Amino acid sequence: MKRRVTVKYFLGLMAMVSLVSCKTENKEAVADATAVNRDLVVDLGDTGIKIQPTMYGVFFEDINFAADGGLYAEMIKNRSFEFTLPKTGWIEPNSDRHSYNKESGIMSVVKYAGDAQNHNYARVKVNNDQGYVLINEGFRGMGVAKDAEYKLSLKAAKNSGNIQRIKFQLLDSLDNVLGETAIVPESDSWSTYESKFTASKSEMKAKVKITFEGTGVIDLDMISLFPTDTWMGREKGLRKDLVQLLYDLNPGFLRFPGGCIVEGRTLARRYQWKKTVGDIEEREILVNRWNTEFNHRPTPDYYQSFGLGFFEYFQLSEDLGAEPLPILGCGIACQFNTGELVPLDELDPYVQDALDLIEFANGDTNTAWGKVRADMGHPEPFNMKYIGIGNEQWGPEYIERYAIFEKALKAKYPEIIIVSGSGPFPDGDYFEYGWEQLKQMNAEIVDEHYYRPPQWFRDNATRYDSYDRNGPKVFAGEYAAQSVAIASPENENNWDCALSEAAFMTGLERNADLVYLTSYAPLMAHADAWQWTPDMIWFNNLESYGTANYQVQKMYSTNAGTDLLTITEDEKTLIGQDGLYASAVKDSTTGELIVKIINTESHPQALKLTASNGNLGNTGTVSTLQSNDLQVVNSFESPDKISPKESTLAVSNGMVEVTAEPYSMNVIKIKIL
């Protein structure tokens with residue numbers, strides 16, 4: 001998108017006004033230095049409303065190469081030759097444009113005998129001593145960091161002849177060697193070989209070259225390469241910088257594994273959690289449902305290895321200090337695709353999967369699924385409290401299936417809180433029907449999704465003010481302002497979207513007696529392999545950054561507080577009057593007042609903030625996100641373009657004066673005496 005920014009200075013006799021005009025196709029944002037004066041009052045008295053520890057969380061879905069090629073740090077694509085086209089990701093550079101003899105050898109894919117979930121392996125035949133070569137291209141290349149250590153592992157079995165040595169090299173885009181190691185295959189039965197080596201320089205799009213020395217036939221499987229510096233140093237673990245971004249959000253929950261990915265385009269391709277636990281080698285690979293969903297970004301090489309499976313999701317939740325919130329299919333494939341249904345009298349296996357998941361998460365080690373968890377290295381239960389049934393299903397088909405799940409789960413595990421869904425839209429017939437039925441069923445928490453323009457979010461800061469307090473609680477499970485249109489490839493994570501979400505979130509916080517969980521979506525996107533925009537965190541093979549939307553989420557989640565307070569102007573709630581939105585909480589652990597103020601107007605707003613029913617300390621701080629350019633975005637080149645700036649505040653005679661700059665989000669923190 002092209003941007004044009006013009007700056008004009010007007011000097012008057014009494015004052016100087018700075019005018020910044022940020023123009024895009026159909027939008028003009030003007031920052032006017034003339035401040036509007038506002039008198040605000042925070043009531044420090046107890047409202048009796050608690051901010052739930054789960055108020056601000058994260059929603060992970062394997063879209064945009066967020067798992068394989070992203071959070072899961074494996075660098076080899078199609079490591080076990082299980083893709084539908086089993087040579088995907090593997091290149092045999094035995095052609096005239098390479099120096100390798102094209103008669104030097106060949107790779108074939110062979111199927112194992114038996115019913116194992118790992119179906120295929122590679123059989124390499126080396127014909128001469130010219131050095132037969134295989135290349136793995138990685139996930140849009142491989143990110144290699146200078147002086148970083150990498151661990152190679154593979155399974156091999158010598159079939160015939162005498163393959164004496166297999167050399168592994170990391171190459172840059174010019175085929176320069178960045179690091180190498182080798183293994184000596186010794187056994188004619190399947191054996192695991194491992195080696196470590198260090199990279200000599202950084203490269204964004206490296207590849208692995210495998211060279212065979214000697215002649216003969218050798219079988220290979222589970223060819224794997226990981227950085228050793230993963231999150232918490234776990235072997236074959238998660239990418240450290242991406243988990244750190246999640247950890248810094250201080251999330252109250254982690255929702256996984258999706259999203260539409262739960263449902264599958266067809267029931268046969270749905271997400272089945274039992275196939276994602278146990279030995280990594282035996283986790284059955286699945287084509288990713290986002291691989292060819294959008295014509296603008298087809299990714300036919302997008303699969304799920306499930307190296308990041310349900311055990312790892314629970315483990316990540318524990319690492320983050322977040323409640324695990326798994327979502328399971330309800331026997332309906334994605335209704336935007338096939339809408340395939342499981343007959344009600346055949347639903348028992350799906351319900352049993354949900355019951356078994358609770359046992360896997362919480363069961364004693366003498367239970368069948370509790371033992372599986374213990375055998376994976378976690379004998380202690382994960383203490384799961386929530387489970388979601390269905391994602392964005394709608395209509396009677398969903399309600400009647402949900403009722404069956406709800407009855408069975410509550411009969412065996414009455415303490416588990418069940419999250420239900422209201423469909424894919426925040427209004428309309430599907431939404432109204434879902435809410436009506438779920439309310440009659442005394443559902444506990446209803447998941448709402450909204451992908452709408454920025455103005456919708458500003459207009460809907462009052463959305464939950466009139467909801468029935470005697471009905472289900474709300475999970476704002478997926479939301480993001482769309483700068484162009486839903487799922488448009490032209491969407492941007494610009495400041496206009498993020499600021500509008502910040503304004504909307506004051507309404508979520510003000511209704512904390514009803515809204516118990518919230519999460520932006522989608523969470524992550526690979527810069528070279530995305531399908532959907534906008535997204536909260538962007539990464540490439542070496543770098544990552546949080547968008548302006550990430551910074552807004554972080555300002556809320558790290559300043560969540562524990563108790564809701566009221567903030568008013570002229571005894572009226574601030575819900576966007578003259579573009580000003582606000583919410584206030586108390587943090588009983590730190591003894592602080594926390595006020596969030598969002599100014600969506602082009603002029604500054606001079607605020608005088610006083611407290612009733614209590615006293616404030618003498619100093620405080622204000623953290624601010626601000627830009628006069630509503631189209632500005634964070635990027636790899638400028639990851640901190642929109643990031644918090646902190647300053648101190650003085651409190652005089654129980655009052656603090658602060659200016660909310662144009663287009664700004666401000667978090668004020670003051671000790672309560």
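What follows draws every value from the coordinates through simple rules; no lab data is involved. None of these values were measured; they are calculated from a predicted model. Positions of Cβ are backbone-derived with ideal geometry, glycine not excepted, and every protein chain shown enters the neighbour counts.
Calculate, in whole percent, how much of the Cα-Cα pair population of the stretch 35-137 lies beyond 25 Å. Please report the intermediate quantities before stating the final value.
Working: 2854 of 5253 pairs.
Here the tail beyond 25 Å accounts for 54 percent of pairs.
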Quiz item: With respect to the cross-link table entries LYS240/LYS410; LYS275/LYS385; LYS385/LYS554; LYS155/LYS274; LYS158/LYS275; LYS125/LYS371, which display a Cα-Cα separation exceeding 32 Å?
Solution: LYS240/LYS410; LYS125/LYS371
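As a quick test, which of the pairs LYS167/LYS205; LYS50/LYS473; LYS111/LYS209; LYS596/LYS645; LYS473/LYS586 have an alpha carbon distance above 18 angstrom in this structure?
Details: LYS167/LYS205 20 Å; LYS50/LYS473 14 Å; LYS111/LYS209 24 Å; LYS596/LYS645 14 Å; LYS473/LYS586 22 Å.
Exceeds cut-off: LYS167/LYS205; LYS111/LYS209; LYS473/LYS586.
Which order, highest average first, do 217-225, 395-403, 371-379 follow once you tally other Cβ atoms within 10 Å for each residue and take the mean per peptide? If you can, show how the numbers build up before the last one.
Numbers: 217-225: 20.7, 395-403: 18.6, 371-379: 15.8.
Per-residue mean Cβ counts within 10 Å order the peptides as 217-225, 395-403, 371-379.
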Quiz item: ³J(HN,Hα) across the stretch 566-578 via Karplus (A = 6.51, B = -1.76, C = 1.60, θ = phi - 60°), whole Hz, x for Gly/Pro?
Solution: 10, 10, 9, 10, 6, 6, 10, 5, 7, 10, x, 4, 6
Quiz item: Which value at 222 nm does the chain reach when only helices count, each DSSP H run of 4 or more adding -39,500 (n - 2.57), with the total divided by all residues and rounded to the nearest 500 deg cm²/dmol?
Solution: -4500 deg cm²/dmol
Quiz item: Taking N as the number of residues in the stretch 470-615, what is its Cα Rg relative to 2.2 N^0.38 Å?
Solution: 1.17
Exercise. Post the alpha-carbon centroid distance, the stretch 196-222 to the stretch 341-404, in whole angstrom.
Key: 41 Å
Quiz item: Label-point separation (nm) for THR338 and ASP129, each offset 7 Å from Cα along Cα-to-Cβ?
Solution: 5.5 nm
Exercise. Return the aspartates and glutamates within reach of LYS77: Cα separation strictly under 14 angstrom, same-chain partners fewer than 8 residues apart disregarded; answer none if there are no such residues.
Key: ASP68, GLU137, ASP221, ASP301
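Of all beta bridges DSSP finds with both residues in the chain, what is the antiparallel percent, to the nearest 5? Mind dumping the intermediate values first?
Working: 120 of 160 bridges.
Expressed as a percentage, antiparallel bridges in the chain total about 75.
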Exercise. Kindly provide the Kirkwood hydrodynamic radius of the stretch 197-296 in Å, to one decimal, from all pairs of distinct alpha carbon atoms.
Key: 18.0 Å
Self-check item: Estimated vicinal HN-Hα couplings, Hz - the stretch 382-393 in sequence order (Karplus 6.51, -1.76, 1.60; Gly, Pro = x)
Solution: 7, 6, 5, 10, 10, 8, x, 10, x, 10, 10, 6
Exercise. Grab the other residues whose beta carbon is less than 15 angstrom from that of ASN288, score K and R as +1, D and E as -1, and report the net.
Key: 0
Quiz item: Can you give me the pair-distance distribution of the stretch 167-211, C-alpha pairs, 10 Å bins, whole percents?
Solution: 27, 45, 21, 7
Quiz item: If you find the alpha carbon centre of the stretch 461-518 and of the stretch 535-579, how far apart are they in angstrom?
Solution: 11 Å
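Highest first, please rank the peptides 62-73, 127-138 by the mean number of other Cβ atoms sitting within 10 Å of their residues. It would help to have the intermediate numbers written out before the result.
Details: 62-73: 26.2, 127-138: 18.4.
Ranking, from highest mean packing down: 62-73, 127-138.
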Practice problem: Describe numerically, in nm with one decimal, the distance between label points set 7 Å from Cα along Cα→Cβ at ASP528 and at LYS407. | Solution: 5.3 nm
Quiz item: Which log10 I(q)/I(0) values, to two decimals, does the stretch 90-237 give at q = 0.10, 0.14, 0.15 Å⁻¹ under the Debye formula with one point per Cα?
Solution: -0.35, -0.70, -0.80
Exercise. Give, to the nearest whole percent, the P(r) tail of the chain beyond 45 angstrom, counting all Cα pairs.
Key: 27 percent
Self-check item: From phi via Karplus (6.51, -1.76, 1.60), per-residue ³J(HN,Hα) for the stretch 271-281 in Hz, x at Gly/Pro
Solution: 6, 10, 4, 5, 7, 10, 10, x, 4, 4, 5
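Rounded, prolate or oblate: pick one for the stretch 271-325, where a ≥ b ≥ c are the square roots of the eigenvalues of its C-alpha gyration tensor, a/c under 1.5 means rounded, and failing that, prolate if a/b is larger than b/c, else oblate. Each step should come with its number before you reach the end.
Working: a/c = 3.07, a/b = 1.60, b/c = 1.92.
Oblate, because a/c is 1.5 or more while a/b does not exceed b/c.
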Quiz item: Sequence-distant or interchain residues sharing an amide H contact under 5 Å with ASP68, placed H: which?
Solution: SER305
Quiz item: Taking the mean number of other Cβ atoms within 10 Å as a proxy for protection, how do you rank 406-417, 46-57 from highest to lowest?
Solution: 46-57, 406-417
